[in-house]
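Computed from the coordinates by the stated procedures, all read-outs in this text should not be read as laboratory data. All of these numbers come straight from a predicted model, not from anything done at the bench. Don't worry about glycine lacking a Cβ; one is built from the backbone with ideal geometry, like all the others, and counts go over all protein chains shown.
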Amino acid sequence: MYTNDVLERSFQQINAILARETPLMDAYQELEPLILELLGAERMSIFQRRLQHQDLVARFKTGKETKEIKVPISPLSIAGYVALSQLPLIINDPYDSHELAQIHPRLRFADRFDKNSTFKTNSILCIPILNAGVMMGVLQIINKKSGQFDDADLRVATKLADVIGAKFRYELGGTSAPFDYLVHLNLISDKVLKELTETSSDDKQLIQRLQSEQRITDEQIGKALSVHYQVPYISYLPDKYHPYQSDSKLNASYLKRNCVAVIADANENIIVLLAEPNNAALLMEIERALGIDSYDIAVGIPNQILQYLGGGGSGGAPGEMNEILDEIGTSADEKDDQIDELSDDAPAIVRLVSRILHDAKRLNASDIHIDPEKSGPTRVRMRVDGVCRDMNQVPASHHSAVIARIKIMSNLNIAEKRVPQDGKLAFRTGGQLVEVRVASIPTVAGEGVVMRILASGGAMPIDKMNVAPNNRTRLEEMIKKPHGILLVVGPTGSGKTTTLHAILGYLNTPEKKIWTAEDPVEITQAGLQQVQVSPKIGFTFANALRAFLRADPDIILIGEMRDKETAHAGIEASLTGHLVLSTLHTNSAPETITRLLDLGLDPVNFSDACVGILAQRLIRTLCTNCKEAEPATDAERQFIYRQYGEEYIDELHLSEPLMVHRAKGCEACGDTGYKGRTGVHELLGMTPELRSLVYKEASVAQMKAQAMKDGMRTLVQDAIYKVIKGDTDIAQVQILGGD
């Protein structure tokens, strides 16, 4: 029984402890016996919300050691559920799954603490710790010594939680109202803020007036909201976040009405973005609809949240995709015969394909994949900086219409769905014409389409290619020779065409006549005569090369040596006084020699004609905005020495301590730590010693060893050089093949 005297005396002692400057968790050992005696309980825990995180932390001191327990704010624990719902709970038996299921179908009791000791939890009183309507933590009281917890215990525990909430608010540096932080920053006076608050109908109107009348920026308002609600602020960042696609019943109108967006970052971490993150009832609805255990919460400004949903905001940004998909989803709910009638030129389908193309260009994607699934929606993925990212989902019922629309734009046969087809389309964005190569391939789930966005604009200058000084010097010597053949090799998408055009840009002077045969012509340069080959009508690379020889060339670029005929013609052209540049799909420079000899080329002719072979790959570069230099670990040092080779390591002029760069991730790079790509190169030069090995058709290992003596450094070695330079990290070297 609680008497007024007992309550008053107990709260005086508790307030005296909390009034000290020490953090509450440091005073926990003093508080615990007072609270347990007051409530007649055996054990207790105080969970504090971790600053800017979606979890709770309880700390306990045992001697000099501090133990810590982290609990996510979710139904997966009792404390987590109370924090999410912001509702108190009395649980008579936490081991009764039926009792827990009545509260929430996914509510669980974490009994691991009981299992690790002789203690058994019989009953729990759990109270949310709130202050100014914002969730600060959870107070958990365990095992009433006499009987069960009742309403009287609940009232006392709630009063305790209020007192602790004020302490937590002070410690976390929070504010008592959403925009008080603007006053602390001297951006607005307290009097003006009160007047604006009293004369505004809601927070949305208040924010608009703060922006228009007081000239306060979005970032300043976002910071104020973040400090008040104790969650991160996220602005409209379409390059970093995209709408999260799920099977939930959260439709666009519900999200817009409640000013909520469910988004995900580049790693598909889910974030619920709200204008009012303390709205527990709304959060519970969203949590139930999503049916996921792990997500973060962030605060946003209403008009920016609507941009993610496709409403308001600038220029119909990617949020418009959700609006289109919502429109398509509405038609998909109608009768089946109506779905079949939805043609490829229906406005929603036209806008959807257009949106996909524009988003890909905006994100600087190299490829778009439209992947059908046998059971489920069609996936739209984009390859950005060499990595595929899930972007959207299209209802399976509209897959055929999307494919047909792309085929019509590419002048392909929409009736033919049994064989692969290739074509091209073009679209305009920001006044610039963008060309796209389209390949449709039939799969067991339906037709899939891959679209390659072709490079537009002029050639990259050779200075921007990030070629190591040793390779740059040797490459310039090779391409200054009046005749011979230079091959650039590597897999599809490794930047071979970009490199060839950079070399041509270096060689392109008025006294040189340069012919190129390409499929397709992606990069254009003034001063070059560029020809598009068309195998369908018999105009092949070999035919183009023979035509060029009658057109007084100095330099010839052949897009690709696909067959023996083209390779033979290229060798003959180089031996008759022309510099020939071409590409080949091989893994390394030494392997290229054996590949060409296997095609039937004469070893003597080839070794005489070849001036060099440049193998190339693209690796991701660290974000310049967030990368930092740190001393290398022992494992990293050993990796660098092992991969570069002890006999060559002195070339790197390593400093002590050995420094490498790491990127933590930031808004600029979508929290990936990487932004953009750079080339790594392996340049083999044809020397008399190597030429004699080619005559003998020696093994790849023998030719590689000789090339290394002649100055070649492998792709992995060049990547190590770029790690030391600070362009990339060791993880990218390992992807490249370093072990």
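Here is how the numbers come out for the structure above:
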read-out	value
Distance between the stretch 124-155 and the stretch 220-273 - C-alpha centres, whole angstrom	31 Å
Backbone HN-Hα couplings from phi across the stretch 466-475 [Karplus 6.51/-1.76/1.60, Hz, Gly and Pro as x]	6, 8, 4, x, 4, 5, 4, 4, 5, 5
J(HN,Hα) series, the stretch 268-281, from Karplus relation 6.51 cos²θ - 1.76 cosθ + 1.60, nearest Hz, glycine and proline x	6, 6, 8, 10, 9, 9, 10, 7, 10, x, 8, 7, 5, 4
Sum of side-chain charges, LYS144 neighbourhood, beta-carbon under 9 Å (Lys, Arg +1; Asp, Glu -1)	-2
Fewest-first ranking of ASP151, ASP729, ASP371, using other Cβ atoms within 10 Å as the exposure measure	ASP151, ASP371, ASP729
Most to least packed among 601-608, 448-455, 484-491 [average Cβ atoms within 10 Å]	484-491, 448-455, 601-608
Restricting the stretch 344-402 to trypsin sites (Lys or Arg not before Pro) in coil, as DSSP defines it, with at most 15 other Cβ within 10 Å	LYS374
Computed over the chain, Kirkwood Rh from alpha-carbon pairs, angstrom	30.9 Å
In degrees, nearest ten, helix 700-709 long axis to first principal axis of the chain (Cα)	90 degrees
Sequence-distant aspartates and glutamates (8 or more away, or on other chains) whose Cα lies within less than 12 Å of LYS407	ASP344, ASP345, GLU416, ASP422, GLU447
Between the stretch 488-556 and the stretch 430-452, the Cα center-to-center distance that results, in Å	25 Å
Per the chain, cysteines lacking a partner by the 4.7 Å Cβ criterion	CYS126, CYS259, CYS388, CYS610
Sequence-distant residues sharing a close amide H with ASN392 (under 5 Å, placed H)	VAL380
Relative contact order (percent, whole number), the chain, Cα cutoff 8 Å, 6+ residue spacing	7 percent
Magnitude of the charge dipole, the chain, Cβ model with Lys/Arg +1 and Asp/Glu -1, debye to 20	920 debye
Value in Å of the Kirkwood radius, where the stretch 180-309 supplies the Cα pairs that are averaged	15.5 Å
On Cα atoms only, tilt of 151-172 relative to the major axis of the chain in degrees	50 degrees
Dipole of the chain, positive direction: furthest Cα of ILE305, LEU690, ASN470, with charges on the beta-carbon	LEU690
Selected from CYS626, ILE485, LEU87, residue furthest toward positive end of dipole (the chain; charges at beta carbon)	ILE485
Cα-based reach from LYS675 at 16 Å (exclusive), listing aspartates and glutamates while leaving out same-chain residues under 8 positions away	ASP239, ASP265, ASP385, GLU628, GLU667, ASP727, ASP729
Partners for LYS204 among lysines (Cα-Cα distance below 20 Å; same-chain residues under 8 apart left out)	LYS191, LYS194, LYS223, LYS256
Least to most buried among GLU37, GLU636 (fewest other Cβ within 10 Å first)	GLU37, GLU636
Loop-located trypsin sites (Lys or Arg not before Pro) in the stretch 145-206 whose Cβ has at most 16 other Cβ within 10 Å (DSSP)	LYS145
Net +/- balance of residues flanking GLY600 in space, Cβ distance below 13 Å, scoring K and R +1, D and E -1	-3
Amide H contacts under 5 Å for THR583, placed H, 5+ residues apart	VAL488, GLU560, MET561
Alpha-carbon centroid distance for the pair the stretch 669-729 / the stretch 181-204, whole angstrom	62 Å
Per-residue Cβ neighbour rank within 10 angstrom, fewest leading, VAL531, VAL394	VAL531, VAL394
GluC sites (Glu not before Pro) restricted to the stretch 479-568 and DSSP loop, no more than 11 other C-beta within 10 Å	GLU511
Scaled radius of gyration (Cα, divided by 2.2 N^0.38 Å) that the stretch 487-631 gives	1.15
³J(HN,Hα) computed for each position of the stretch 355-369 - Karplus, 6.51 cos²θ - 1.76 cosθ + 1.60, integer Hz, glycine/proline x	5, 4, 5, 5, 4, 4, 5, 5, 7, 6, 6, 8, 9, 10, 10
Subset of LYS240/LYS664; LYS512/LYS696; LYS417/LYS564; LYS361/LYS725; LYS240/LYS361 violating a 24 Å alpha-carbon distance limit	LYS512/LYS696; LYS417/LYS564; LYS361/LYS725
Rounded to 10°, Cα long-axis angle of helix 496-507 versus longest principal axis of the chain	60 degrees
Residues with amide H under 5 Å from that of ASN269, placed H, sequence gap 5 or more	none
Convex hull per residue volume in Å³, alpha carbons only, for the stretch 4-172	120 Å³
Compactness of the stretch 462-736, expressed as Rg and Dmax over alpha-carbon positions, Å	19.9, 62
